[in-house]
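Participant: This is the structure I have questions about; it appears just below.
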Amino acid sequence: MSDTELPQASLWYRITFSCLGTCSATLLFLLANYGAGLISGSVTYASSYFLLLGTGLCFLCLERNSWKGDTIFCLSISMVAVALSLSGSFLWKDDAIPASYQMALVLSMMVLFAIPAVYYQTARQNGCAKSKEILFPRYKSLFENAWSNKLLLLFAGLFLGTAWAILGLCGELFELISIDFFSDLFTSEPFAYIFSGLTFGLGVSLARERPRIIQSLLQIVLTLFRFLAPLLGLVALLFILTLAVMGPEKLWATGHATQLLLTLLFLFILFENAVIQSGEDNQGFPGPVQWLIMAVNVTLPAFALLALYAVWLRVEQYGWTPERFYMAVLAVIGLIYAISYAVAVLTLWKNWTDRIIKANPVIALLVLVFAVLIHLPPFEPYRLSLKDQISRLEDGRIKPADFDFSYLRFRLGTAGQKALKDIENNPVLMADPLIASRIEQVKKQSYYQASADRDAPDYLSLGNFTDYLVLYPSTIEVPGDVNKALVENYQWVLSSCYQEQQPEARCLLVNLDLNQDSQKEFLLISQYNTAYSLMLQPDGSWKAGPQLTAGYNNGSSKEYQSALERGDFRLTAPTIQNLTIGDQLFQVEFPYILQE
């Protein structure tokens, strides 16, 4: 819409987008609060994606003169989102969708939201009718629409945030005179949904009425990126040169090298394209900086290859998992970008930006295809990961002691649970007593336990205190009921003591009379300077008592042990005592000692 558009047209956009935002937000509220009782969780998720994607696309693409075709386009893309979301219902029960799948689905929805809208807007503006013109339109229009869409949503978000700040101020002002009505209204869930949808829609219409504001914001953002791109490029170049000297061994030991390498790669591509823009009007980098950027482009494949190799190392060690599959897809996309940019510099070093401009639309379409295919057979990563994990167990590439049976049941969906039953029905595999015991252990679990938790010591190991605790007095014998009570009440503390024991940092179990009742209590002192007490109850049972903490001091368990053996300890009464008012007891929750 132009700045000179008729007032009635502006009114149409304001009413349309405000009503659209209000209706969408109202339906989202109903789904969030009442959907579970009416429809399945997978349908609720799919409906939410349909509303969010459909409304967002309408905000970007809906025009007064072409609203019918625009609506069909928005609904079509939203139905694709519904299909992708519902594909998960074949993998998961409604209450067992893991975070990795949800994150991958959200990223795919973002791609579906961003890329088709830009191509549709560009084709409509340029009057493209042929498929070639639609898929490969003028790059300048693609660039401007892509960035304008981002800033339009940013403007609407700032408008919404400002409106909420005003409502918050209003509520606080009326609370000063003991009127809570407005504060209660503004914090109610129905009002929050409806007001947010209405205000965001209005913010979108205001931004679309004034494209000059968006263009001004765009120039500010691009100017910032013009200065940030060389800085990021210098960091990348220094890192890759340092890595070439030192070797990549330390990189593999971090456990998150892939994420950092890909983050740097995609950030640099974003900054670089923000400066290059459409390649017209002498846009680009100044002379010396351009040589730096060209050098970084040549090294970009190294970042992508290092990220892929980091994923492959994990796959070789532990096999494929959905998380590694998603990371590998991102690394492949990064490698496609990196190779394209490096080839552009090496083959057309004088006009290398022209080759990048031609490559970007093609790669964007490939990203769109990847975003859809990773949720559909035969590329769906959960079944591929399951197949790989089972084959590794069957052919002996992974030992049963190292196999994550809990992962099958809780992280690979219904197919993983079926595979677990297949293993249980496989006489060859079940002949291994370790596999049989692990299967029984997993069947008793109610949630996924990572390897550190799965391999945690059992009750019997935790009860052997002399194996991993320092006892004081060293001659004490822990009665069976005390042993059982300690394990039941402080299993997580004892597990930490068991797994993290070191010669200089072992937990202590102290037997002292803490409350001067002639009956000695037990005090479990962890590596983190917190003591957990076990007190004898009037009925003869032992239960958890108060906790004592030494705060953030530098004491070590070895120092505590030496002090106990020297008899250098005493019971200190708290400076502040409990207070009883009438029948109500006010207890001191933490020891409070005045410093002299």
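The values are calculated or read from the model by the stated rules, or taken from the named source; none is laboratory data. Note that the structure is predicted; figures quoted are calculated from it, not measured. Quick reminder, even Gly has a Cβ in these numbers, built from the backbone with ideal geometry, and neighbours come from all protein chains shown. The accessibility values were calculated without ligands, DNA or RNA, using every heavy atom of the protein model including side chains. Shrake-Rupley method; radii C 1.70, N 1.55, O 1.52, S 1.80 Å.
Participant: Tell me the label only: which of (i) 1.03; (ii) 0.99; (iii) 1.05 is Rg/Rh (Cα atoms, Kirkwood Rh) as calculated from this structure?
Facilitator: This structure yields the entry labelled (iii).
Participant: How high is the FRET efficiency from LYS387 to GLU477, r the C-beta distance, R0 56 Å, rounded to 0.05?
Facilitator: Working: r = 54 Å, r/R0 = 0.96.
Once rounded, the FRET efficiency stands at 0.55.
Participant: So, one more: Nearest 10 degrees, 0 to 90: what angle lies between the long axis of helix 211-246 and the longest principal axis of the chain (Cα atoms)?
Facilitator: In the chain, helix 211-246 runs at an angle near 60 degrees to the longest axis.
Participant: Using Cα pairs closer than 8 Å and at least 6 residues apart in sequence, work out the relative contact order for the stretch 149-261, in percent.
Facilitator: Relative contact order comes out at 29 percent.
Participant: Let me spell out the model: positive unit charges on the Cβ of Lys and Arg, negative unit charges on the Cβ of Asp and Glu, origin at the Cα centre of the stretch 127-242. What dipole size does that give, in debye rounded to 20?
Facilitator: Working: 9 positive and 8 negative charges, 234 e Å.
Computed charge dipole of the stretch 127-242: roughly 1120 debye.
Participant: Could I ask something else about it? Can you tally the net charge around ASP432? Count Lys and Arg as +1, Asp and Glu as -1, for every other residue whose Cβ sits under 11 Å from the Cβ of ASP432. The partial results should precede the final answer.
Facilitator: On the way: positive: LYS399, ARG438; negative: none.
Counting the neighbours of ASP432, the net charge comes to +2.
Participant: Can I ask one more? Taking 0.36 nm per residue of sequence separation and subtracting the Cα-Cα distance, how much length would be gained by fully extending the chain between TRP164 and LEU270, in nm to one decimal?
Facilitator: Numbers: separation 106, 0.36 × 106 = 38.16 nm, distance 3.13 nm.
Contour length minus the Cα-Cα distance gives 35.0 nm.
Participant: Further, regarding this structure: May I ask for the equivalent-ellipsoid semi-axes of the stretch 285-443, computed as the square root of five times each C-alpha gyration tensor eigenvalue and listed largest first in whole Å? Intermediate values should be presented prior to the final figure.
Facilitator: Values: eigenvalues 407, 51, 19 Å².
They are 45, 16, 10 Å, listed from largest to smallest.
Participant: If you don't mind, there's one more thing I want to ask. Please report, for the Cα atoms of the stretch 256-367, the Rg to one decimal and the Dmax as a whole number; what are they, in angstrom?
Facilitator: For the stretch 256-367, the Cα-based Rg and Dmax read 15.1, 52 Å.
Participant: Still on this model: Restricting to Cα pairs below 8 Å that are 6+ residues apart, what does the relative contact order work out to for the chain? Please round to a whole percent. Intermediate results must be reported in sequence, preceding the final value.
Facilitator: Working: 636 pairs, mean separation 63.0, N = 596.
Once normalised by length, the contact order is 11 percent.
Participant: Here is a further query. If r is the Cβ-Cβ distance from LEU579 to LEU231 and R0 is 56 Å, what FRET efficiency results, to the nearest 0.05? Intermediate results must be reported in sequence, preceding the final value.
Facilitator: Numbers: r = 60 Å, r/R0 = 1.07.
Using R0 = 56 Å, I get an efficiency of 0.40.
Participant: In terms of solvent-accessible area of protein heavy atoms at a 1.4 angstrom probe, what is the ranking of TYR318, TYR326, highest value first? Could the numbers behind the result be given before it?
Facilitator: Values: TYR318 110, TYR326 30 Å².
Descending order: TYR318, TYR326.
Participant: Something else: For n ≥ 4 DSSP H runs only, could you compute -39500 (n - 2.57) per run for the chain, divide by its residues and tell me the 222 nm figure to the nearest 500? Don't skip to the end; give the middle numbers.
Facilitator: Numbers: 24 runs with 398 residues, N = 596.
My calculation for the chain gives -22500 deg cm²/dmol from helical runs alone.
Participant: Highest first, please rank the peptides 243-251, 190-198, 292-300 by the mean number of other Cβ atoms sitting within 10 Å of their residues.
Facilitator: The packing order, highest mean first, is 292-300, 190-198, 243-251.
Participant: While we're on this one: Once the Cα gyration tensor of the stretch 20-61 is found, what semi-axes does its equivalent ellipsoid get, as square roots of 5 times the eigenvalues, in whole Å, sorted largest first? Present the calculation step by step, with values, prior to reporting the outcome.
Facilitator: On the way: eigenvalues 84, 25, 4 Å².
Semi-axes (√(5λ), whole Å): 21, 11, 4.
Participant: Okay, moving on. Working with all protein chains in place, sort TRP147, TRP492, TRP349, TRP164 by solvent-accessible area computed with a 1.4 Å probe, largest first.
Facilitator: Reading off the accessible areas and sorting them downward yields TRP492, TRP349, TRP164, TRP147.
Participant: Using 0.36 nm per residue, how much length does the chain from ASN33 to GLN519 gain when fully extended, once their Cα-Cα distance is taken away?
Facilitator: 169.6 nm
Participant: Let me know the Rg and Dmax you get for the stretch 11-83 when you use only its Cα atoms, in Å.
Facilitator: Spelled out, the Cα radius of gyration and Dmax of the stretch 11-83 are 13.2, 41 Å.
Participant: Would you mind getting the accessible area per residue of the stretch 21-178, heavy atoms of the protein chains only, 1.4 Å probe, in Å²? The partial results should precede the final answer.
Facilitator: Details: 8070 Å² over 158 residues.
Using a 1.4 Å probe on heavy atoms only, each residue of the stretch 21-178 averages 51 Å².
Participant: Can you give the Rg and Dmax of the stretch 219-261 based on its C-alpha atoms, in angstrom?
Facilitator: Cα radius of gyration and Dmax of the stretch 219-261 are 14.1, 42 Å respectively.
Participant: Estimate the FRET efficiency between GLU565 and LYS543 by the formula 1/(1 + (r/R0)^6), using the beta-carbon distance for r and 30 Å for R0, to the nearest 0.05. Numbers along the way, then the final one.
Facilitator: Details: r = 29 Å, r/R0 = 0.97.
That pair, GLU565 with LYS543, gives E of 0.55.
Participant: Tell me, how many Å apart are the Cα centres for the stretch 273-344 and for the stretch 231-264?
Facilitator: 13
Participant: Could you please state how large a percent of the accessible area of the stretch 148-285 is carbon and sulfur, counting protein chains only and using a 1.4 Å probe?
Facilitator: Numbers: 5460 of 7560 Å².
C and S atoms contribute 72 percent here.
Participant: Step by step: find N for the stretch 55-214, compute 2.2 N^0.38 Å, then divide the Cα radius of gyration by it. What's the final number? Mind dumping the intermediate values first?
Facilitator: Working: Rg = 19.9 Å, N = 160, 2.2 N^0.38 = 15.1 Å.
Against the compact-globule rule of thumb, the ratio is 1.31.
Participant: Next up: Determine the gain in length on full extension of the stretch ALA401-LEU107; use 0.36 nm per residue of separation and subtract their C-alpha separation, reporting nm with one decimal.
Facilitator: Working: separation 294, 0.36 × 294 = 105.84 nm, distance 3.52 nm.
Residue separation times 0.36 nm, minus the Cα-Cα distance, leaves 102.3 nm.
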